[in-house]
1. Assess whether R151 counts as being at pLDDT 95 or above, surrounded by 21 or more Cβ atoms within 10 Å (Cβ to Cβ) and closer than 18 Å to S261 by Cα.
2. Among G69, G79, G50, which is the only one that is open to solvent by less than 40 Å² (accessible area, probe 1.4 Å), modelled with pLDDT under 95 and either on the phi < 0 side of the Ramachandran plot or not in a helix (DSSP H, G or I) (or both)?
3. Hey, among Q84, Q26, Q60, Q56, which residue is within 24 Å of G7 (Cβ to Cβ), modelled with pLDDT of 95 or more and among the polar types (S, T, N, Q)?
4. Within the stretch 222-242, take every residue that is modelled with pLDDT of 95 or more and farther than 22 Å from R201 by Cβ and give me the one that is farthest from the ligand (Cβ to nearest atom).
5. For the stretch 248-260, enumerate the residues that are open to solvent by less than 40 Å² (accessible area, probe 1.4 Å) and either under 15 Å from Q76 (Cα atoms) or in contact (Cβ under 8 Å) with a residue 60 or more places away in the chain (or both).
6. Can you find a residue that is charged (D, E, K, R), farther than 25 Å from A310 by Cα and either within 13 Å of the ligand (Cβ to nearest atom) or in contact with a helix residue (DSSP H, G or I) (Cβ under 7 Å, 6 or more places away or on another chain) (or both) anywhere in the stretch 49-69?
7. Pick from A22, A10, A15: which is within 14 Å of W304 (Cα to Cα), surrounded by fewer than 16 Cβ atoms within 10 Å (Cβ to Cβ) and not polar (S, T, N, Q)?
8. Can you go through V148, V154 and tell me which one is part of a loop (DSSP other than H, G, I, E, B) and of a type in the set (V, I, T)?
Amino acid sequence: MALDLPGDPAGRKPAALKAALARVQQSVAAVDRDGVDAWLALGSRVFAGGVPGGAQRPRQLRAMPSSAGDLLDPAQSHGDVLVQVTGADKRAVREAAERVVRQAAGWRVRWQVDGFRAENRVEDGKGLSRNPFHFTEGFGNPGTEREVADRAVVRSGQGEPDWAVGGSYQVVRIVRFATELWDKDSVREQERVIGRRRDGRWLDGTPAHEQPGFAADPNGRATPLDSHVRLAAPDRRNPPPLVRRSYNYDRGDGDSGLIFSCFQRDLTTGFEAVQKRLEGEAMAKYLLTTGGGYFFVPPPGDAWIDGLFAQATGNA
Ligand code: HEM
């Protein structure tokens with residue numbers, strides 16, 4: 001869910017904003033236990049009234065722009081903070097989310113969406129699940145914590161403010177699926193749109209956890225050039241530096257799809273480069289992105305709050 005502080009961001013006093021952020025951080029930390037994982041991420045709205053206390057904002061954090069074909073509903077996009085609460089027990093997750101909202105006094109819910117991961121499991125170090133299009137997702141993610149950190153975690157020396165080192169950019173997109181249209185296509189056609197079999201095997205027969213032979217298929221006979229995987233990751237030796245962790249959603253009345261979510265240490269080379277390549281993909285006609293946003297997950301703990309509000313120094 002995305003939470004906002006009421007009122008015009010431009011009218012905020014840094015001290016009040018700092019206290020409010022500390023309150024929501026504390027509320028999130030209080031439910032982050034007993035099988036529930038909870039974290040917050042800063043949205044660009046926090047910085048909309050100017051940079052609090054003169055501190056430095058994450059360099060690339062801005063309101064998520066519309067990509068070609070998006071229909072972003074402001075009531076379901078952006079926000080001051082994103083709070084994500086996950087766990088295996090649906091009731092525990094819901095109660096934890098409600099507790100955060102109750103305890104983070106002064107914050108109001110801007111938008112929220114419930115997600116789930118069908119057939120959630122770990123294979124070869126990768127978190128896999130089945131999306132509403134009947135395909136298994138997660139194979140293209142890294143399989144070790146080290147590789148995950150390498151793609152997702154902000155390092156020192158990459159131009160980000162000191163307080164942000166150890167954090168991560170999170171992109172969320174609520175993508176509605178034309179499931180009825182999709183389900184009219186044959187499984188074979190669907191597999192050519194994605195570029196993998198439903199179970200993850202490659203269309204040239206390569207097993208799911210190995211590398212396909214795109215170089216031997218320059219014209220896309222086996223794996224079409226406009227398939228999702230071929231555009232998302234054309235260079236198999238240089239996989240896109242992002243880590244995906246998406247959820248399915250179903251709000252009834254045909255409004256179902258994917259809460260796409262990914263983490264990266266650089267938005268330009270991560271999400272934005274891949275999204276740009278995907279503009280011409282065969283899957284585009286089944287997708288409508290209606291909400292989400294760009295967020296920045298601060299490093300663990302709460303020291304980032306002081307860092308964020310520290311006066312900027314000479315290198316600002
Ligand atoms: C809601 C629409 C989407 C669906 C249904 C979808 C589905 C899939 C599936 C089935 C795979 C193959 C299995 C896997 O490696 O996980 C995949 C791979 C991938 N997708 Fe998506 N995806 C969607 C949106 C996106 C978006 C918005 C991005 C990023 C901008 C993205 C980036 C990737 C990447 C980087 C891979 C891995 C490619 C590889 O390493 O081979 N996807 N997706």
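1. Values: at pLDDT 95 or above: yes; surrounded by 21 or more Cβ atoms within 10 Å (Cβ to Cβ): yes; closer than 18 Å to S261 by Cα: yes.
Judged against the criteria, R151 is a match.
2. Numbers: G69 fails: open to solvent by less than 40 Å² (accessible area, probe 1.4 Å); G79 fails: modelled with pLDDT under 95.
Checking each option against the conditions leaves just G50.
3. Details: Q84 fails: within 24 Å of G7 (Cβ to Cβ); Q60 fails: within 24 Å of G7 (Cβ to Cβ); Q56 fails: modelled with pLDDT of 95 or more.
Selected residue: Q26, the only one of Q84, Q26, Q60, Q56 that is within 24 Å of G7 (Cβ to Cβ), modelled with pLDDT of 95 or more and among the polar types (S, T, N, Q).
4. P241
5. Looking only at the stretch 248-260, we keep the residues that are open to solvent by less than 40 Å² (accessible area, probe 1.4 Å), and these are 248-249, 252, 255-259.
Hits for the stretch 248-260 are N248, Y249, D255, S256, G257, L258, I259.
6. Filtering the stretch 49-69 for residues charged (D, E, K, R) gives 57, 59, 62.
From the residues that got through so far, the ones that are farther than 25 Å from A310 by Cα too are none.
Checked the stretch 49-69: no residue is charged (D, E, K, R), farther than 25 Å from A310 by Cα and either within 13 Å of the ligand (Cβ to nearest atom) or in contact with a helix residue (DSSP H, G or I) (Cβ under 7 Å, 6 or more places away or on another chain) (or both).
7. Working: A10 fails: within 14 Å of W304 (Cα to Cα); A15 fails: within 14 Å of W304 (Cα to Cα).
The conditions single out A22.
8. Details: V148 fails: part of a loop (DSSP other than H, G, I, E, B).
Just a single option satisfies the conditions, and that option is V154.
The values are calculated or read from the model by the stated rules, or taken from the named source; none is laboratory data. Please read these numbers as outputs of a predicted model, since none were measured by experiment. Quick reminder, even Gly has a Cβ in these numbers, built from the backbone with ideal geometry, and neighbours come from all protein chains shown. Surface accessibility is based on the protein's heavy atoms, side chains included, excluding ligands, DNA and RNA. Shrake-Rupley method; radii C 1.70, N 1.55, O 1.52, S 1.80 Å.
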